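Notes to accompany the following structure.
Throughout, read-outs are computed from the coordinates displayed, never taken from laboratory work. Computed from a predicted model, the values in this text were never measured in an experiment. Don't worry about glycine lacking a Cβ; one is built from the backbone with ideal geometry, like all the others, and counts go over all protein chains shown.
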Amino acid sequence: MDISRSTVSVMGAPYSICCGMIGAKRVIAAGSETQGGEFTLYTGDEWRPVPIVKGLGGIMGIVLTEISGKPAIITAEGLHPNFISHDAGVSIYRAEHNINGPWERHRVADFPYIHRIALVTAHGARTVVAATLCGEKSDKDDWSNPGAVYAVQPMHNRPPFEVKTVTVLEGLRKNHGMFVQRRNGKETVFVSSEEGLFAVHIPEENGEWCTEKILEEPISEFALYDLDADGKDEIVAIQPFHGDRVCIYKNKSTGWARVFETETELGHGIWSGSIGGENGFVIGSRAGKRDLCLYTFEESKRWDLKKHVLDEGVGSAQFDVIHEKDHDLIVSTNNYINEIALYRVSA
């Protein structure tokens, strides 16, 4: 496996990252966790920076989309280091013409301690699923007031964006992960917390919101992917909150069973899928060596994985993967060194 590294940009305390398409344009969107921090798009072969109107910072989650044919970005924002939550909530950044702007920010819902968002279709309309870390805090170590999962549905597609908000799941603390699974025309949003891993089944036109608990154990971040190619997804999870281990769970006839475990240091950020021609997962660490690692399969039946250290001393917060014709790109917010970096991986 061949791995090379380059720098996309310098950014103060970058946290969130999202790669994808807005219209026909391939983009990277990245946001800082600091108050009033930078929020920028990168596009084109040279990843040219396109500054977005200055927001609140504290950008925890990013979704790329279009609204009424116009470029749009949905954010979970306003949650800063040490759980400082000033005016946190969901905002829509919308460009009237194209991704070069100008961009306008529209607040659509206030959620103290918002941490993760996803975009799905519920009751026939695009809907933001939002999860919070907690309800309120007296100090950074107070977890006595749990958070919740909400469905935020715009009433129309032009600003001002009026919304209807429904509470979907309550009683969750330390939410750190969210994953959308799309299969057989249906969507499921998985949400992690101290209370375990939950599935939120997205309702169709006349359906109701339905949730179920998948795992009892505390889970920080996670991803689902069919690592051993048997037709069923495995769960790759950091445990517990900001945890010290990474585990793989396989859905067997007797239920979910742990089949792999390895150590990490303040695990942060996780992705699972096919990369460099092999199945595996990427894991970040924000303590100790602050390394960014890729694990690939050596022998799936024995769950033997090979560790590739992509970088050290970077303290990645989040990362995403872009699949190219003959290689893959891991785009990482290297929080500890104020950098957005690109790792090119090929077989």
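Is there a residue being without any contact (Cβ under 8 Å) to a residue 24 or more places away in the chain and either touching a Lys or Arg at 6+ places or on another chain (Cβ under 9 Å) or part of a strand (DSSP E or B) (or both) anywhere in segment 114-125? Among the residues of segment 114-125, not one is without any contact (Cβ under 8 Å) to a residue 24 or more places away in the chain and either touching a Lys or Arg at 6+ places or on another chain (Cβ under 9 Å) or part of a strand (DSSP E or B) (or both), which makes the answer no.
Taken over segment 294-322, residues that are over 17 Å from the mean Cα position of the chain (by Cα) and touching a residue at least 12 places away in the same chain (Cβ under 8 Å) amount to 16.
Report yes if some residue within segment 126-142 is out of contact with any Gly (no Cβ under 8 Å at 6 or more places or on another chain), surrounded by fewer than 19 Cβ atoms within 10 Å (Cβ to Cβ), assigned to a strand (DSSP E or B) and not acidic (Asp, Glu); otherwise report no.
yes
For segment 1-85, list the strands (runs of 3 or more DSSP E) that sit wholly inside it and hold at least 3 residues that are more than 28 Å from Val149 (Cβ to Cβ); which are they?
Qualifying strands (runs of 3 or more DSSP E): 2-10, 39-43, 48-51.
Output the residue which, of all residues in segment 176-194 that are more than 26 Å from Phe260 (Cα to Cα) and out of contact with any strand residue (DSSP E or B) (no Cβ under 9 Å at 6 or more places or on another chain), is surrounded by the fewest Cβ atoms within 10 Å (Cβ to Cβ). Residue satisfying both the conditions and the ranking: Asn184.
Within 21 Å of Pro14 (Cα to Cα) and over 21 Å from the mean Cα position of the chain (by Cα) - does that describe any residue in segment 261-280? Checked against the condition, which is being within 21 Å of Pro14 (Cα to Cα) and over 21 Å from the mean Cα position of the chain (by Cα), segment 261-280 yields no hits at all. Within the set Ile52, Ile62, Ile67, the sole residue that is under 15 Å from the mean Cα position of the chain (by Cα) and more than 23 Å from Ser138 (Cα to Cα) turns out to be Ile62.
If you go through segment 241-284 and keep only what is hydroxyl-bearing (Ser, Thr, Tyr), farther than 15 Å from His308 by Cβ and surrounded by fewer than 23 Cβ atoms within 10 Å (Cβ to Cβ), you end up with Ser253, Thr254. Based on this model, can you work out whether Gly269 counts as out of contact with any Lys or Arg (no Cβ under 7 Å at 6 or more places or on another chain) and over 19 Å from Leu133 (Cβ atoms)? Answer is no for this residue.
If only residues of segment 195-224 that are free of Cβ contacts under 8 Å to residues at least 24 places away in the same chain and of a type in the set (Asp, Glu) are counted, the one that is surrounded by the fewest Cβ atoms within 10 Å (Cβ to Cβ) is Glu208.
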